[in-house]
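Remarks on the structure that follows.
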Amino acid sequence: MSKKDKKELSSKDKVFPVIKLLFSVTAKKFPLFFPLETLKTIITAVSALLPVIVSPMIIDELITDREVKTLVILAAVLIGGEFILSVTLERINNQLMKYQQRLDNHFSVLTGLHSMELDFQLTEDKEALDQVEKARTGMDWYSGGAYGIAEQLFGGISNLLRVFGLVTIISLNAPLLLLIILAYVIIMGFVSAKNNKIGLEVYKKLAKINRLFGYYGWNIVDFRYGKDIRLYDARKMMVDCWDRNSDASNAHWKWQAETSMKYNLIGNAANIIRMMVSYLYAGFLAIKGAISIGVLVQMIEAADGLNNTLGGLVYNSQEILKRCNYAYEFVLFMEYPEALEKGEKPVDKEIREIEFKNVSFKYPGTDKLILDNISIKINAHEHLSIVGLNGAGKTTFIKLLCRLYDPTSGEILVNGVNIKEYDYQQYMTLFAPVFQDFRLFAFPIEENIMLTDGEDEQYSEEDSLKADKIIELVNLKEMMDKLEKGKKTIMFKYFDESGIEPSGGEQQKIAIARALYKESPVVILDEPTAALDPIAEYEIYRQFHTLVGDKTAFYISHRLSSCRFCDNIAVFSDGRIAEYGNHDALIKIVGGIYAKMFEAQAQYYR
């Protein structure tokens, strides 16, 4: 079923897919959860019916025979039964409450994991980002997740059992009470349905607002933006944006409250009328002698109980419908269609040739060609420098090679095979890129290089020694030796005061160490040194060139640091390869782009 088809499902049709997904995941992760819910359901129903059955017997015994033994037995059954049931129910509830946080955490992990598994193209797609937000808020804020839906479903089953018992009791003594209660329940069902529809409408409108609210709110307290906020006095702008977004959010909540008010008033009026008519009818039967005093009490108690139970049942039904509609956004997210075509062909780790054949590309939702009919071959072990001014298409070229996007037209071949035919995960292992906007994590330095948890069972001493070797190769050993915990030191101070704040150059070396540790056959430097001066950049490229050895390598820059020691140079301009060749050939092209760039930067490289 396509994403479009799923969005067109009715509210009722969304219930089954949600329950199927959420409950199957829950049962697999926590197998005792549903047996406990079942036991709770039975005990809840029995504990509600017990006083309705036993209390009238005690009253009638007090009015008539007053047999002490009988009274003691009835009181023991009532008090002892309620005590045992309540203690058991309390134990079960305590156990179930432990599952609530575990389930919330588990589904949050699933959401995060799937977010990381989404095709990269979708991380820059507004619709996909909105779906991520809907999935998170739908599960966390509105539906109560698997636990909240399960509580309503099993609560509904418990109410059904109580309804069956109470209807049986009332129908034997005062059947007209059933009609009175039924009329009231129909009215309350209408009220509840209207309120739920209003709530769902507000939820859908709040998806984008909540995402903006989080962006403004978190950035205000994120010290990474501290320098810019202070030096440019951006406080007022940030707070004003937050306030405007809060006003928009509050306006939706206000509309919900005002729109729901009239339906709530209808429900309150219907309840008053129901109580008056029920009490008059039961009293009339007692005055006529049709029922005893004990049964009169029983009918009043049973009528109130049935009314509340039916109201609870309607509430359960509406809540299940509402919560499943919210949680359905999680189902849509988990089944979000892939942006890239995936093949199954195994990948050959030995790269013999990479070819771009008439490749053009424009970002989804735009008409501007970023790459225009690119054709180029890169042989095994070749080191290619890709240069050009900002916006020439250099980084996009690498994104296509790494399959972060697919070409709009043309094809990319690795060893003569279209990369779309390869197994996607295997294909990603071929590349070890260091992008300009690379990210390091608030983990130990070693884990940033290895991208393996130090406590993971796959972690080995051999891996650690390999990391040590890489650290020495990229000239980080001296820095490590000065740290008390060495490579175990936490990066940044987000979670650990003893964490370090490495310089930009040190962070670049760690990112390069990560790329080397991966041991992929193709390594890529995509302007990670753009913030450095040309001489410092040249030194890093030169050192990296030595470390890469005979691997296939791409060096991307709008400066010419890497050109002298690369086999070939591709000069990008306006999305095309304007010039191609080695340094000695390109420098001789009179009026050429490369020659002009080199002359402008020559002071750094002579």
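The values are calculated or read from the model by the stated rules, or taken from the named source; none is laboratory data. Small disclaimer: the values here were computed from a predicted structure and weren't measured. So basically every Cβ, Gly included, is an ideal-geometry build from the backbone, and we count neighbours across all protein chains shown.
Per-structure values
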read-out	value
Neighbours by Cβ (under 8 Å, 6+ apart or cross-chain): first from the range 361-374, outside the structural domain of PHE120 (by TED's automatic domain parsing); second at pLDDT 90 or above and of a type in the set (Phe, Trp, Tyr)	PHE361/TYR405; TYR363/TYR405; LEU369/PHE361; ILE370/PHE361; LEU371/PHE361; LEU371/PHE397; ILE374/PHE356; ILE374/PHE397
Residue check for LEU306: touching a Leu at 6+ places or on another chain (Cβ under 6 Å) and in the same structural domain as TRP141 (by TED's automatic domain parsing)	yes
Filter pass, LYS204 being assigned to a helix (DSSP H, G or I), at pLDDT below 80, among the basic types (Lys, Arg) and under 32 Å from the mean Cα position of the chain (by Cα)	yes
Verdict on ILE351 being touching a residue at least 60 places away in the same chain (Cβ under 8 Å), surrounded by 16 or more Cβ atoms within 10 Å (Cβ to Cβ) and touching a strand residue (DSSP E or B) at 6+ places or on another chain (Cβ under 8 Å)	yes
MET479, sole failed condition from (1) in contact (Cβ under 8 Å) with a residue 40 or more places away in the chain; (2) among the hydrophobic types (A, V, I, L, M, F, W, C); (3) assigned to a helix (DSSP H, G or I)	(1)
Unmet requirement for ASP233, which otherwise passes all of (1) on the phi > 0 side of the Ramachandran plot; (2) at pLDDT 80 or above	(2)
Residue, surrounded by the fewest Cβ atoms within 10 Å (Cβ to Cβ), within the range 10-35, restricted to residues that are out of contact with any helix residue (DSSP H, G or I) (no Cβ under 9 Å at 6 or more places or on another chain) and of a type in the set (Gly, Ala, Ser)	SER10
Selection status of SER464, of a type in the set (Gly, Ala, Ser) and crowded, with 17+ Cβ neighbours inside 10 Å	no
Residue match in the range 113-128 (condition: aliphatic (A, V, I, L, M) and over 23 Å from the mean Cα position of the chain (by Cα))	no
Filter result for LEU129 (more than 22 Å from PHE30 (Cβ to Cβ), in contact with a helix residue (DSSP H, G or I) (Cβ under 9 Å, 6 or more places away or on another chain), hydrophobic (A, V, I, L, M, F, W, C) and not in a loop (DSSP other than H, G, I, E, B))	yes
Residue identified as buried (at least 16 other Cβ atoms within 10 Å of the Cβ) and in contact (Cβ under 8 Å) with a residue 40 or more places away in the chain among ILE63, ILE58	ILE58
Residue selected from the range 129-180 under the condition small (Gly, Ala, Ser) and in contact with a Phe, Trp or Tyr (Cβ under 6 Å, 6 or more places away or on another chain), by the criterion nearest to LEU21 (Cα to Cα)	GLY145
Test: LEU306 is touching a Gly at 6+ places or on another chain (Cβ under 7 Å), hydrophobic (A, V, I, L, M, F, W, C) and closer than 21 Å to VAL163 by Cβ	no
Among (1) crowded, with 17+ Cβ neighbours inside 10 Å; (2) closer than 30 Å to PRO346 by Cα; (3) among the aliphatic types (A, V, I, L, M), the one test that MET480 misses	(2)
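Quick grid of which residues meet (1) touching a Gly at 6+ places or on another chain (Cβ under 8 Å); (2) in a helix (DSSP H, G or I); (3) without any contact (Cβ under 8 Å) to a residue 12 or more places away in the chain; (4) surrounded by fewer than 17 Cβ atoms within 10 Å (Cβ to Cβ):
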residue	(1), (2), (3), (4)
ALA392	yes, no, no, no
PHE397	no, yes, no, no
GLU411	no, no, no, yes
GLN426	no, yes, no, yes
VAL434	no, no, no, no
ASP437	no, no, yes, yes
ALA442	yes, no, no, yes
GLU447	yes, yes, yes, no
